[in-house]
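Worksheet for the structure shown next.
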Amino acid sequence: MSPSSVMESRGSVLPKLSRRAGGLAESATMEINRRAGELRAAGHEIIDLSAGEPDFPTPPTVVEAARRALSDGHTRYTAAAGLPDLRDAVAARYAGAWGAPWTGRETVVTVGAKAALFEVIQVLVDEGDEVVMPSPAWVSFEEQIRFAGGTPVTVPTDPKERFALRAQPLLDAITERTRMVLVNSPCNPTGGVATQAELEALVRGCVERGVYVLSDETYELFVWHGEKASVAACAAGAPDNVILIGSFSKTYAMTGWRLGWLLGPPEVVSKVIALQSHATSNPTTFAMYGALEALRSAQDDVDAMIRAFAERRSLVAEALDALPGVHCAPADGAFYAFPDVSEVYGHAGGIDGSIAICARLLEAGVALVPGIAFGDDRFVRLSFAASQENLRRGIERMAETLDTLHG
Ligand code: PMP
Ligand code: GLU
């Protein structure tokens, strides 16, 4: 049946979607990435700096391990929580680096950090509960909290402090309805990072108030200024409150493998595993063999990628800051530049916000994400996990467009 005959044959009384689905919109980062792909498929030359996705290939030893797993017949289900060896290896990584108390039993391997977040939010947040989080924040946090019936309570971070994460304003936002504080350091999209002292103060305050700390450490190794920090270092002192989420996606250039993890208190982890046993079952088995190899042998590849991102981070901030009407400080962490472009708004050209400017830039062949998707319309987000060549050309296109707008 063709799409038009499907439309013609629709009945007058349509079956209903759930109320939850009614409020749901596609992820802005994924949507722009999709639109850029569609434009490219239609023959347009688009420089896609939208989704945060390393331009590097997955390390060859990792690919080889997954290939071997396939030929060795690792094509069946595992336990819902993932390969035991991989759970142990993830836990050992945090025990080694941060003295974390977790073992493989308190570790779940998930279908990306995204599924880990989704599952733990479903497990912890009831209708009417509040989740306190800094803003701007990654697009899926709010949507996942609302989907569970919860209310995100956002606490602004300050561009003048390069969006550094501070414990006290988050603690001040806690009420008797707060179920957890959700932090993401280094932060997508702002690049803001937390010091270990701030994380410790946050965990302490949350323990006193009987609230969970959920820490999304997807960008853990990408710290360009200041110190690396992790709630893993606080977990031994606050075993009932600390939950950590991480991902193979960015650290190991494994975005398409869809593998992440969650560690936390046993009662939280067992419910996440129960939910996962109904929702996805285990993540793809042969992919998990690749991930195990990533933890064992890919550190040199990771270090090389980190060096490349560090170089791009400075180049990109400098080039953006030199554009007319654009203000951009180098990101302290993660791999996004988050320039303030609001000076361009209201001039000739009809640009009235971050959606309009990103639409204009997309017409000019460069895809960025509007800041409003993360909670602040003054900004746009550019991923610098892209090749130097694409970054240079993308910023050139931005310069041409902004020259015409900033009259
Ligand atoms: N958390 C943050 C802050 C992110 O930017 C992303 C996007 N990659 C994710 C979680 C999800 O990552 P993945 O599902 O690819 O592991
Ligand atoms: N997290 C990346 C981003 O923000 C990938 C897309 C997504 O999962 O949102 O661009």
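Could you check the spin-label model distance between VAL63 and TYR77? Points 7 Å from the Cα along Cα→Cβ, value in nm.
Between VAL63 and TYR77, the simple spin-label model gives 3.2 nm.
7 Å from Cα along Cα→Cβ at both ALA42 and ILE355: what's the point-to-point distance in nm?
Taking the two extended label points, one gets 1.9 nm.
Across the range 238-245, in residue order, what do the Karplus-derived ³J(HN,Hα) couplings come to in whole Hz, using 6.51 cos²θ - 1.76 cosθ + 1.60 with θ = phi - 60° and x for Gly and Pro?
9, x, 8, 10, 9, 10, 10, 10
Counting Lys and Arg as +1 and Asp and Glu as -1, what is the net charge of the other residues whose Cβ lies under 13 Å from the Cβ of LEU171? Working shown, then result.
Values: positive: ARG166, ARG204, ARG209; negative: ASP172, GLU198, GLU200, GLU208.
Around LEU171, the surrounding residues sum to -1.
Just to be sure I understand: if I project the alpha-carbon convex hull of the range 173-253 onto a plane and average over all orientations, what area do I get in nm²?
Working: hull surface 22.6 nm².
Mean orientational projected area (the range 173-253, Cα hull): 5.7 nm².
Taking the Cα centre of the chain as origin, work out the dipole magnitude from +1 charges on Lys and Arg Cβ and -1 charges on Asp and Glu Cβ, in debye rounded to 20. Present the calculation step by step, with values, prior to reporting the outcome.
Details: 36 positive and 51 negative charges, 189 e Å.
Charge dipole of the chain: 920 debye, to the nearest 20.
Would you mind calculating the relative contact order of the chain from Cα pairs under 8 angstrom and at least 6 residues apart, reporting the percent as a whole number?
Working: 814 pairs, mean separation 88.7, N = 407.
Reported relative contact order: 22 percent.
Can you order the peptides 204-215, 62-73 by their average number of other Cβ atoms within 10 Å per residue, highest first? Kindly include the intermediate steps, with their values, before the conclusion.
Numbers: 204-215: 20.4, 62-73: 15.8.
Output ranking for 204-215, 62-73: 204-215, 62-73.
Pairs of Cα atoms under 8 Å, at least six residues apart: use those to get the relative contact order of the range 70-195, whole percent.
Worked out over the range 70-195, it gives 21 percent.
Taking the Cβ-Cβ separation of LEU24 and ALA197 as r and a Förster radius of 30 Å, what is the calculated FRET efficiency to the nearest 0.05? Display every interim value, and only then the final one.
Values: r = 38 Å, r/R0 = 1.26.
Efficiency for this residue pair is about 0.20.
Is the shape of the range 339-407 rounded, prolate or oblate, going by the alpha carbon gyration tensor and its root eigenvalues a ≥ b ≥ c, with a/c under 1.5 for rounded and a/b larger than b/c for prolate?
Values: a/c = 2.11, a/b = 1.26, b/c = 1.67.
It comes out oblate by the Cα gyration axes.
Would you calculate, for the chain, the mean residue ellipticity at 222 nm contributed by helices, counting each DSSP H stretch of 4 or more residues as -39,500 (n - 2.57) and dividing by all residues, to the nearest 500? Intermediate values should be presented prior to the final figure.
Details: 14 runs with 171 residues, N = 407.
The helix contribution divided over the chain gives -13000 deg cm²/dmol.
What dipole magnitude, in Debye to the nearest 20, does the range 1-155 give about its Cα centre under +1 on Lys/Arg Cβ and -1 on Asp/Glu Cβ?
Details: 15 positive and 20 negative charges, 81 e Å.
That gives a dipole near 380 debye.
Farthest toward the dipole's positive end in the range 1-152, which of GLY11, GLY43, LEU117, given Cβ charges of +1 (Lys, Arg) and -1 (Asp, Glu) about the Cα centre?
Checked the options; the winner is GLY11.
Any idea which of GLY353, CYS234, LEU70 is furthest toward the positive side of the dipole for the chain, if Lys and Arg beta-carbons carry +1 and Asp and Glu beta-carbons -1?
My answer, from the dipole projection, is LEU70.
If the cut-off is a Cα-Cα distance under 29 Å, which lysines reach LYS250, setting aside same-chain residues fewer than 8 apart in sequence?
LYS114, LYS160, LYS228, LYS271
Could you please report the charge total around ALA100, scoring K, R as +1 and D, E as -1 over all other residues with beta-carbon less than 15 angstrom from its beta-carbon? List each step's numbers first, then the result.
Details: positive: ARG87, ARG93, ARG105, LYS228; negative: ASP88, GLU106, GLU200, GLU217, GLU220, ASP240.
Neighbour charge sum, excluding ALA100 itself: -2.
For the ranges 8-16, 53-61, 264-272, what's the packing order if you count other beta-carbon atoms within 10 Å of each residue, average per peptide, and put the highest first? Don't skip to the answer; put the middle values down first.
Values: 8-16: 6.8, 53-61: 16.6, 264-272: 18.9.
So the order, starting with the most tightly packed, is 264-272, 53-61, 8-16.
Put HIS327, HIS278 in order of accessible area, largest first, 1.4 Å probe: what do you get?
Result, largest first: HIS278, HIS327.
Give the Cα extents of the chain along the principal axes, in whole Å, largest first.
Between the extreme Cα coordinates on each principal axis of the chain lie 60, 58, 48 Å.
Counting Lys and Arg as +1 and Asp and Glu as -1, each charge on the Cβ, what is the dipole of the range 190-339 about the Cα centre in debye, to the nearest 20?
On the way: 10 positive and 17 negative charges, 73 e Å.
That gives the range 190-339 a dipole magnitude of about 360 debye.
Taking the Cβ of ILE395 as the center, what net charge do the other residues with Cβ under 12 Å away carry, scoring Lys and Arg +1 and Asp and Glu -1? Write out the running numbers ahead of the final one.
Numbers: positive: ARG312, ARG392, ARG393, ARG397; negative: GLU318, ASP321, GLU389, GLU396, GLU400.
Summing Lys/Arg as +1 and Asp/Glu as -1 gives -1.
Taking amide H positions as placed in the peptide plane 1.01 Å from N, state which residues far from SER135 in sequence (5 or more) or on other chains have amide H under 5 Å from it.
The list, which skips near neighbours in sequence, is VAL155, THR157.
Leaving out ligands and nucleic acids, and using a 1.4 Å probe, what accessible area per residue does the chain come to in Å²?
44
The values are calculated or read from the model by the stated rules, or taken from the named source; none is laboratory data. Computed from a predicted model, the values in this text were never measured in an experiment. FYI the Cβ positions are ideal-geometry reconstructions off the backbone, even for glycines, and counts take in every protein chain you see. With ligands, DNA and RNA removed, areas are computed over all heavy atoms of the protein, side chains included. Shrake-Rupley method; radii C 1.70, N 1.55, O 1.52, S 1.80 Å.
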